[in-house]
1. Treating the Cα atoms of segment 227-324 as identical point scatterers in vacuum, please give the log10 of the normalised Debye intensity I(q)/I(0) at q = 0.16, 0.21, 0.22 Å⁻¹, two decimals.
2. Over the chain, average the accessible area per residue using a 1.4 Å probe and give it in Å², no decimals.
3. Once phi is turned into θ = phi - 60°, what whole-Hz ³J(HN,Hα) does the Karplus curve with 6.51, -1.76 and 1.60 give for every residue of segment 106-121, x standing for Gly and Pro?
4. How far, in nm, would the chain grow between Asp295 and Glu321 when pulled straight, counting 0.36 nm per residue and subtracting the alpha carbon separation?
5. On a straight-distance basis, which aspartates and glutamates could pair with Lys342 in a cross-link, Cα separation under 15 angstrom, same-chain partners fewer than 8 positions away excluded?
6. Quick check on the chain: helices-only [θ] at 222 nm, where DSSP H runs of length 4 and up contribute -39,500 (n - 2.57) each and the sum goes over total residues. Nearest 500, please.
7. Counting only residues 5 or more places away or on other chains, whose amide H sits under 5 Å from the amide H of Gln250 once H atoms are built in the peptide plane?
8. With the cut-off at 27 Å, tell me which of the pairs Lys142/Lys194; Lys123/Lys223; Lys37/Lys223; Lys107/Lys223 have Cα atoms farther apart than that.
Amino acid sequence: MENVHSLADQALDLLHQNIDKNYRVLIGIVGAPGSGKSTIAERLQDEINERYYEYLRNHDITETHVKELKEDIHLVDDLAEADAKTREEIDHGFYSHVEDTSFKPVKISNVDGSITVIGRGGKDNAFKIRTRHNISTLTVAKPAIAQTVVMDGFHLSRKHLDCFRDPEMAHRRRGSPPTFDSNNFLELCRVLCKTCTLHDDNNSSSSEKISRTSPVKDDLFAKVTSSFVNVPEVVFPGFDHALKDPTPEQHSVPNYTRIVIIEGLYLLLDQENWSHIYENIASTDAYLFWNIVTDEEVIEQRVAKRHVKAGICSTIQEGIERFRSNDLLNGRLIQSKSLRDKIPDKQNHIIDIRND
């Protein structure tokens, strides 16, 4: 396992170097199936948050406060409001666009002031944007400053796969690029990127700006604690491995989040909607990508065991066969169709790490 303590140091240093111009920084974790993306992302998130909680304990800080933004953040103004016909179709499953990778997500303005963004996967893969009110009364004792955003919640549901022109192929190759709502996952990434770059006046606090050459210690966490602002909360789907389908509104990126860890197989894939994720993340000018490198023999065993544990396969050998006919193909695809060769400064922002 890659040294998570070292990765946490790098993530916090990224925040340290950019905190005076960015409210948030982004970490992308990409790798083949079985490379350990989810495990590394979760451990990284926990390590960063625990370091921050230790700072709060050491300084006897029992509550933190959120400031109101000086101006509203408009995250999806470029999206069309769903008309009556589209809303009716969404309510009935939204299956007609299931293979349309060019479909532009639409939004629904809800009576509570929140906004639901819907792509070709319908409500199953929708995400929601909501702004908390009366934040002057909002205090949190232990805010999680790091939050993981996983791609799994954007698996198209099995009902949606049934509506493919070749449903048998869609189910057999579930996990391949066409079987995700890439439309809405890209839109989620765009929204998160917009929350990263705030105007200096909004992100400044009463504390002085920290030195970019000072060590990443208490000065960073002091700045973080004094500069929470009311960025809209983004609520997104997870994936229920027991039900084998997405779970709407399972996770969220709250306004306290300062390090967003995006984990997914296709973050650097040079195909359809996936090919635009990197450019959006790079536009924040405060990001890192970790590409996890693992031998195929190692990930074959990991994925086979995972398939058995999830109830997808009944034996390890069956799991290996499924890996070779599906997961292995996806892993090789992200190597052969990677954006890395097109990124001139990749050596500064995309780092290979081993996890054998």
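1. -1.00, -1.21, -1.22
2. Numbers: 16070 Å² over 356 residues.
Accessible area per residue, the chain: 45 Å².
3. 10, 10, 10, 7, 8, 5, 7, x, 7, 10, 9, 10, 10, x, 6, x
4. On the way: separation 26, 0.36 × 26 = 9.36 nm, distance 1.72 nm.
Between Asp295 and Glu321, full extension yields an extra 7.6 nm.
5. Result set, ordered by chain and number: Asp270, Glu279.
6. Numbers: 13 runs with 122 residues, N = 356.
Computed ellipticity for the chain at 222 nm equals -10000 deg cm²/dmol.
7. Phe236, Gly238
8. Values: Lys142/Lys194 25 Å; Lys123/Lys223 38 Å; Lys37/Lys223 30 Å; Lys107/Lys223 35 Å.
In this structure, Lys123/Lys223; Lys37/Lys223; Lys107/Lys223 exceed 27 Å between Cα atoms.
The values are calculated or read from the model by the stated rules, or taken from the named source; none is laboratory data. It should be emphasised that the depicted structure is a prediction, and the values quoted were computed from it without experimental measurement. With ideal geometry, Cβ positions are generated from the backbone for all residues, glycine too; neighbour counts draw on all protein chains shown. Side chains are part of the model used for accessible areas, which takes the heavy atoms of the whole protein and leaves out ligands, DNA and RNA. Shrake-Rupley method; radii C 1.70, N 1.55, O 1.52, S 1.80 Å.
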